[in-house]
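The values are calculated or read from the model by the stated rules, or taken from the named source; none is laboratory data. As the structure is a prediction and not an experimental result, all values here were calculated from the model. When we count neighbours, we look across all protein chains shown, and the Cβ atoms used for this are built from the backbone with ideal geometry, even at glycine. Please note that ligands, DNA and RNA were not included when accessible areas were found on the heavy atoms of the full protein model with its side chains. Shrake-Rupley method; radii C 1.70, N 1.55, O 1.52, S 1.80 Å.
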Amino acid sequence: MFLRSGIEKILANKDIKRKENLQLKKACDNALEELKAAEEQNGSTSSNGDFLPDASTSIEADRYFLPFELACNSKSAKIVITALDCLQKLIAYGHLTGRGPDTSNPERKLIDRIVEAICAPFLGQGTDEQVLLQLLKAVLAVVLSKHCQVHGASLILAVRTCFNIYLTSKSPVNQATAKATLTQVISTVFNKMEKFGNIKDDDTIVREVVEMLVSTTVSNEATDDASEGGGTHRRNGSTIGESEAPADDQFTFQNAYQKDAFLVFRALCILAQKEEGGASNEMSLRSKILALEMLLLVLQDSSSVLQSSQPCIIVIKRTLCMALTRNAVSSNIQVFEKSLAIFVELLDKFKAHLKASIEVFFNSVILPILDSNTCAFEQKWIVLNTIAKILANPQSVVDMFVNYDCDMTSPNLFKSIVEVVSKTTRATITENAPINQKEKERAMRLLGLACLTDLLQCLVDWWQVCEVQKITSDIDAVEASEQQGEGATFEKFETLKHQKNLMEQGIQLFSEKPKKGLEFLQKHGFVGTDAVEVAEFMMKEERLNKTQVGDYLGDQDEFNISVMHAYIDFLDFSSIDILAALRMFLEKFRLPGEAQKIDRLMLKFASRYLDCNPRQGIFASADAAYVLAFSIIMLTTDLHNKTVKNKMTKQGYINMNRGINEGGNIPTELLEAIFEDISKNEIKMRAGATALLRSRTTPGQGALATDKERRAMAALEMEAMSETARALMESASDADAFFTPAQHQHHVKPMFKICWTPCLAAFSVGVQMSDDEEEWSLCLKGFRLGALARFTLLTAKNSLGEMKVKNIEAIKLLLLIGDEDGEYLEENWVDVMKCMSSLELVQLIGTGLNSAMSHDSDSSRQYVLKSGIDEKTLHSLQDALGETSSQSVVVAIDRIFNGSARLSAEAVVHFVRALCAVSREELTHPAAPRMFLLGKVVEVAFYNMNRIRLEWSKIWNVIGEHFNAAGCNSNEAVAYFSVDALRQLSIKFLEKGELPNFKFQKDFLRPFEVIMVKNANTQTRDLVVRCCTHLVEAHSSRLKSGWQNLFSVWTIAAGDTSMEIVETSFLTASHVIEKRFKEDFPSILDSFQEALKCLQEFACNANLPDMNMEAIRLIRLCADYVSENSDKIDEAARRDDHHHHKGLTADQHVWLRGWFPIFFELSCIINRCKLDVRTRSLTVMFEIMKTHGKTFRPEWWKDLFEIVFRIFDPSKMDDHRSDKREWMSTTCNHAMLSVVEVFTQFFEQLSVYALPMIYRQFGVFIRQQNEQLARCTISCLESLISQNGERFTEAMWEQTIELIRELFAATLPKSLLTWEPPSSSNGISEDRSNGSDALFTEQIVFCVVQNELVEAVSRIVLGDHRESTKSLQADGLFTQMSPQLLLSICDALAESHKLAKQFNDNNGQRTLLWKAGLRGSSKPNLINQETRSLSAMLAIILRLLYDLRAKEIAGQISMRVLEVVSLALNGYGEAESDTRRTAYGPVICELLRECIALPTALLPVLGPEFPLKLCDLVVTAEGQTMRRLLADLLKRWQHPTTNGV
């Protein structure tokens, strides 16, 4: 077998006999014996050993590895070569796998020992080249073998060995092989990582389980596997400088392949970070170049696994980026170029994790080099090529803008790149320079121009890519929501960019004048007004000018001092020495030059330092710290200022500070440490941009005499860049800034605004200054539209005579752009439209003004004639302008307007908006407005009418507004043209039809409404009305939502002063209502309310009485339509339920969309019109109720009564209204009576809902202090109760009696008892007199109401004696009311009687009122109220006396009988005046009749004193009737049994 043959070959070598190979020989012999024994045991026959046996017949070679290991460590090259060759073949064919543990060290696997043995022959420089070649083969075999698993430290050993062979070998073959092997090994490592991804291997799973178990037992011990892995990696990692990079044991990996990739990647990053070691150390330089090449290979082929690997990202941030900042300023071109190439890959694939690092690299390396005057051409060339590569990737460019230029705290990278590149293209050409230098300058300019054109192309590509993504994506709800999110994101970035611009403007102002800058920043909300807020802003904002910050803080102004104190109080000097504190203090701003300002700053510094270190024990007071701080600044200036020749010594510095500590000394050790530190490390601000360095070190750079001086200056500048970059990159390595991938296409707009000015400058210089075809061709490529419009000469009248062929070509090119690139013109369409508008005038001039022309051209002709150009000038221009009328130009214009139909939805809106804007400019000429583009608007509308409705709506929003304005133009011709154009477009649009629930017609026809409202010209309004009539006659069957517009037009026309317009509108509207409503009511349902509103306006036009009545009749007809189509109304409402009537029932639909508008408009007519019209309207309203009320729902009646009661609006009852009496006596009376009739007719439906509303309204009416209204209301109340009382429930009677009691209480004329005459002093008697008059009026109304209420209650309860002689029980509603309610009525009557009697008894008060002017020829009295209320109360109480229902309250009734009888008899007996006594007569007669009718058993209820009072009455009784009744009663009292009772 082959294994035995290999061992025999080692034994056959003559060097095996050497003493140092004795152990090897012994191991070989032992291995052969074991193999022989194994073969005999297996019964296999040996072959000649020259070929490898089949795996099924092989013996495990891992057991016999020791001879090969010893052979690899042999000093004999031949033995080593033989051993490596055998190992390579055994590994390649899977016989040597190394999967088992290493017998010599069980903590690791055998494969680790195998790799160490393979790499052992490499001894550095001087190793045999054949050995190295065979070693590389073996390394490649073991790493690439699918049978071996090389991981961790062993893999790093193999990589390092290949790396070192490449560096130390002198054989070109071995170098190439080593490099190829290294490339293949590294590629294999990262390919495996990508293949296995995040799949966990067995070791990871075991580790996680162990960690879980350990965590549950709260143990801190690590497993053996974990400690072994960590130890091995640390031990081997230290050889490649792992201390400079993150250790691998602080990360967690999903599998071994991820860890391998991390280890290799980290090793390469560390090698790339090594110093080059000077020009003489070639090996160090080659090492760095190879490491950079391998890193570039890894990054170019990086997968998503690597790009998301957190350990690798950390290595990139902390190690690779630091390495790039060193290498990117290297004088070696290879290192420089490869570093920038790596940066491009990082920017492309890792930018989401490297936001801060990318910012540092651009600001501190790329842009400074390109902007430098001293850097070598080769470096600038490489940098510019790097920028070109970056600009070739649209995603990277837009990402850069979004994350830096739109970030408040980041620099404007995109803007800076564009400006620097533009500057390179505008570099001046040195005429006397050598040819070679001129070629370099030309190449640099061409490359810069190519970068700018590529940038513009990049923006176009980004726009188109986003467009393609929008087209190919499915338009569904999810997509729509995502697009809304993107739109919001774009708006957010747009706002951020605006805010950043304001911030930068404020910072710029601050650098010029700090106070103005702060005011600006405070005005826009970036800084607060408090001193602490200003100090915090200065502390955190790095972009502020450091010199100005120092000057501001040192200023003596009180507020500045407060800011300075707050600023220093933000610094924490705890636990640091004074020199470190001073460095911290001075790193953020530059000390001012004025001594007093420095003094204020240092005083506060010393105070703050002692506040932070109260126990430092060094300084006796703040004065000592202050003096020492000043001495440190002086020492810095002395040691590091080149103008100071005699430098201070250490001892001199110590002597200078003696006695400053309150007479004592500062510790000498501290002073010596300060001196040593300052001498080595100058105090300066934190590292920043190198522009200041360049401004100090390169004055008059163009005057450098030799290349040697230039190179020296370049080296100095590069060193400064490197120092700055390293410092900033180190702070950026720990930054974790959020990165937003760009997604929205509209980022292109602000980017183009930023880049176009630098691009335009570069292109302009190139075209103007250069005759190089390649150069100006590049300029023209990016110049296509930017400055073209000004070369057409169409916008200036004085330039028309200078029109040349090139200007004509510019016109054609502009029109060609409009035709071919119209999709992207957006706001630039305005230039194209202005060109075409001016071109029409130019064509008119060129062809002669007397040519046959259209109506549109006629308006242009008038414009030209009135613009001040005389005939002579016109003739001189015709020759120059004739070419503008060529067929190609005319066709180009037509093609643009025809082509609008091919534009996208967004582009056509820009097109139409520009067209209408320029058309408005044409129409603004007061004497001769032009209508050229207005006609084109109509054409464009026709061309685009077949678009989908969503797109068409956006177009019409613009065109419709334009027609609104044009139709209202003061020029009659323009308005006529607009209205006629609208008519034509409307006819065309109506032919398309409209589906239910859409409103396109409504939007389309709205301009008719606007013109009708805003245009004061009668002829134009008449044309609008006739156009609407034509639409109805020709296309009424196609009208849907457009009916609303038509009715709105007729509504406006109904109030027109022209009777012809009114009559034409009414005829058309009435025709529609009578015919179309009847034929197809559902299709016009949406416009039903507008139709009723229209009819209301016609009904209220006072100039046409017949039309008023006809309009009301049509409203009555509409009620029939609603009744007949109620089911269709509900069906139509449900179709658009989600738009208007969510959650409504069918009944509610019918009410809201049908009945309610009818009643509402009728009520409006009633409230607005004169008597005959409102009477008719009122009659129709209640006729509709009575006819269709049986179908009304209770809730409908509630709304309906709200409408009805609007008729009784208190404002209409104002005493100052001239038609008040007419209104009250006709309309109100009619309405209230009708309400009662309706209530009576539909009592079942209205009793529950309407009765409280009616009662509430009655209460309001009676309280209005209007006598006529009160009388009418009480009459209606009486009618309602009388007609419906028998059907009242107990609850209804309670509501009724409660209302009556409230009315009695609210209208008691109590002020009559308390009124006093006003005082006439102080000149205010007249006002008080007016107040008395108002009071008298109110009290008189109250008296009337009381009388009316008493009479009404009497008739309701007891019956009406005026019309019937029937008994009380038969006539009244006494029996319908409960005794308790009857008593309640009696209480109200008693209160009314009481007040009236008090007033009548108070003769003095009556006299005062009479003298004050209370109406009447005699003293005022309330006798009628006193007697009638008592009479009614007496009748009710006495009837209750023998009412069987009142048994439970018989006692209470008996008491009330005594009270009432006593009141009646006493009142009559005590009456002093004949009038009062006469008024009491009927009351006494009524009392006597009731007593005669009483059963004998009830007579005692009248009281024991009743007979005596009758005797008194014998004396005072007057009149035959009373005496006769009294005689009958006395007879019955004497002989009670004779009456049979």
Rounded to a whole %, the carbon-and-sulfur portion of the accessible area of the stretch 1034-1084 at a 1.4 Å probe is 47 percent
Using alpha-carbon positions, the gyration tensor of the stretch 903-1059 gives root eigenvalues a ≥ b ≥ c; with a/c under 1.5 called rounded, otherwise prolate if a/b exceeds b/c, else oblate, the class is oblate
Pull out a ≥ b ≥ c, the square roots of the eigenvalues of the alpha-carbon gyration tensor of the stretch 561-652, then state rounded if a/c is under 1.5, prolate if not and a/b is larger than b/c, and oblate in the remaining case.
oblate
Tell me, what is the FRET efficiency for SER331 and LYS540 to the nearest 0.05, using R0 = 30 angstrom and their Cβ-Cβ distance as r?
0.20
Diagonalise the Cα gyration tensor of the stretch 86-158 and give the resulting equivalent ellipsoid semi-axes, square root of 5 times each eigenvalue, largest first, whole Å.
20, 15, 10
Shape call for the stretch 76-199 from the C-alpha gyration tensor, a ≥ b ≥ c root eigenvalues: rounded (a/c under 1.5), prolate (a/b greater than b/c) or oblate?
oblate
Over all alpha-carbon pairs in the stretch 1347-1504, figure out the percentage whose distance exceeds 18 Å.
60 percent
Take a quick pass over the stretch 482-575 and tell me how many lysine pairs come in under 21 angstrom between Cα atoms, counting only ones 8 or more apart or on separate chains.
18
Which lysines, on any chain, are close to LYS288 with Cα under 22 Å apart, when same-chain ones fewer than 8 places away are left out?
LYS170, LYS179, LYS274, LYS317, LYS338, LYS380
Can you return the lysines within cross-link range of LYS1411? Criterion is Cα-Cα under 26 Å, with same-chain partners fewer than 8 residues away left out.
LYS1310, LYS1394, LYS1397, LYS1419
Amide H contacts under 5 Å for LYS109, placed H, 5+ residues apart:
ASP102
Proximal lysines relative to LYS647, as straight alpha-carbon distance under 18 Å, when same-chain residues fewer than 8 apart are discounted:
LYS680
HN-Hα couplings for the stretch 142-155 via Karplus (6.51, -1.76, 1.60; θ = phi - 60°), in whole Hz with x for Gly/Pro, come out as 6, 6, 8, 5, 7, 8, 10, 10, 9, 9, x, 4, 5, 5
Output ordering of 1495-1504, 1260-1269 (per-residue mean of other Cβ within 10 Å, highest first) is 1260-1269, 1495-1504
Cα gyration tensor of the stretch 1419-1541 diagonalised, 5x eigenvalues square-rooted, in angstrom largest first, produces semi-axes 24, 19, 11
Students often check this: by mean Cβ neighbours within 10 Å, which of 1033-1039, 89-95 ranks highest, and how do the rest follow?
89-95, 1033-1039
